[in-house]
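First up is the structure itself, then whatever we jot down about it.
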Amino acid sequence: MFTGIVEELGEVVALTELIDAARLQIRACVVTADAKPGDSIAVNGVCLTVVEHSADGFVADVMAETLDRSALADLRPGSPVNLERAVTLATRLGGHLVQGHVDGTGRVVHRRTEAHWDVVEISAPPQVLRYVVEKGSITVDGVSLTVASLDSGTFTVGLIPTTLASTTLGRRSPGDAVNLEVDVLAKYVERLLGQAQ
């Protein structure tokens with residue numbers, strides 16, 4: 001479980017393709033300070049398990065299912081990535097409850113720079129948008145955000161200077177793919193209501 005508050009901007013060292021999987025090596029120092037094999041670290045919003053670590057990075061295995069459902073397959077050496085360690089019972093919950101289970105990918109459609117923030121429009125597939133509500137929470141590349149507006153095929157979010165400087169979202173351009181995770185409560189409610197009928 002995560003909060004969607006990015007702790008560190010890491011860098012991809014290597015993405016090695018394997019049979020039906022890949023091995024991802026990331027340079028980072030904050031999230032590896034207390035890491036050990038078996039720990040969970042969210043990489044651009046995808047929960048991955050640490051298989052190797054050192055003071056300056058970690059390695060995680062990524063299965064084909066994750067590569068198919070997320071934008072991790074697009075990463076290259078030098079790509080920046082949003083990193084967050086799993087929450088503990090002593091962690092402040094600054095964002096919202098995030099599982100690190102990506103529901104799908106979207107694409108940056110447009111971005112507009114205002115005086116103190118950027119407004120970013122993101123397209124999303126219908127199976128993701130059905131759970132998105134105005135003023136609700138959504139995770140974009142592992143960042144907990146509030147939905148500012150909603151249209152038939154897109155939604156917008158506002159990015160404050162801290163988010164622009166401290167996450168990959170400050171670098172995303174129209175056409176770029178982003179990982180999306182909706183609020184899990186919406187999916188549980190839908191399932192329960194469907195069974196009640």
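Every read-out reported here was derived from the displayed coordinates using simple, explicitly stated rules and does not represent laboratory data. As the structure is a prediction and not an experimental result, all values here were calculated from the model. Ideal geometry is used to build each Cβ from the backbone, glycine not excepted, and the neighbour counts take in all protein chains shown.
Overview of results
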{"item": "Under-5 Å amide H pairs with Ala14, H placed in peptide plane, nonlocal only", "result": "Gln25"}
{"item": "Efficiency of FRET from Cβ geometry, Ala148 and Ala86, R₀ 25 Å, rounded to 0.05", "result": "0.35"}
{"item": "Cβ-derived FRET efficiency at R0 30 Å, Asp20 paired with Thr162, nearest 0.05", "result": "0.20"}
{"item": "Rounded if a/c under 1.5, otherwise prolate or oblate - the range 69-182, Cα gyration tensor axes", "result": "rounded"}
{"item": "Karplus 3J(HN,Hα) series, Hz, for the range 130-147 with 6.51 cos²θ - 1.76 cosθ + 1.60 (x for Gly, Pro)", "result": "4, 9, 8, 10, 4, 6, x, 9, 9, 10, 10, 6, x, 9, 6, 9, 9, 6"}
{"item": "Whole-angstrom gap from the range 2-62 to the range 136-197, using each part's C-alpha centre", "result": "22 Å"}
{"item": "Residue exposure sequence - Thr167, Thr139, Thr16, Thr88 - by fewest surrounding Cβ within 10 Å", "result": "Thr88, Thr16, Thr167, Thr139"}
{"item": "Simple spin-label estimate for Ala186 and Ala64 in nanometres, 7 Å along Cα-Cβ", "result": "3.0 nm"}
{"item": "Shape of the range 1-97, Cα gyration tensor, a/c cut at 1.5", "result": "prolate"}
{"item": "Listed candidates (1) 22.7, 83; (2) 16.4, 53; (3) 15.3, 48 - label of the one calculated as Rg and Dmax of the Cα atoms in Å", "result": "(2)"}
{"item": "Mean ellipticity per residue at 222 nm, deg cm²/dmol - from DSSP H runs of n ≥ 4 across the chain, formula -39500 (n - 2.57)", "result": "-4000 deg cm²/dmol"}
{"item": "Amide proton proximity set for Asp103, modelled H, under 5 Å, gap of 5+", "result": "Leu180, Glu181, Val182"}
{"item": "Contour minus Cα-Cα distance for Ser54 and Val30 (0.36 nm per residue)", "result": "7.5 nm"}
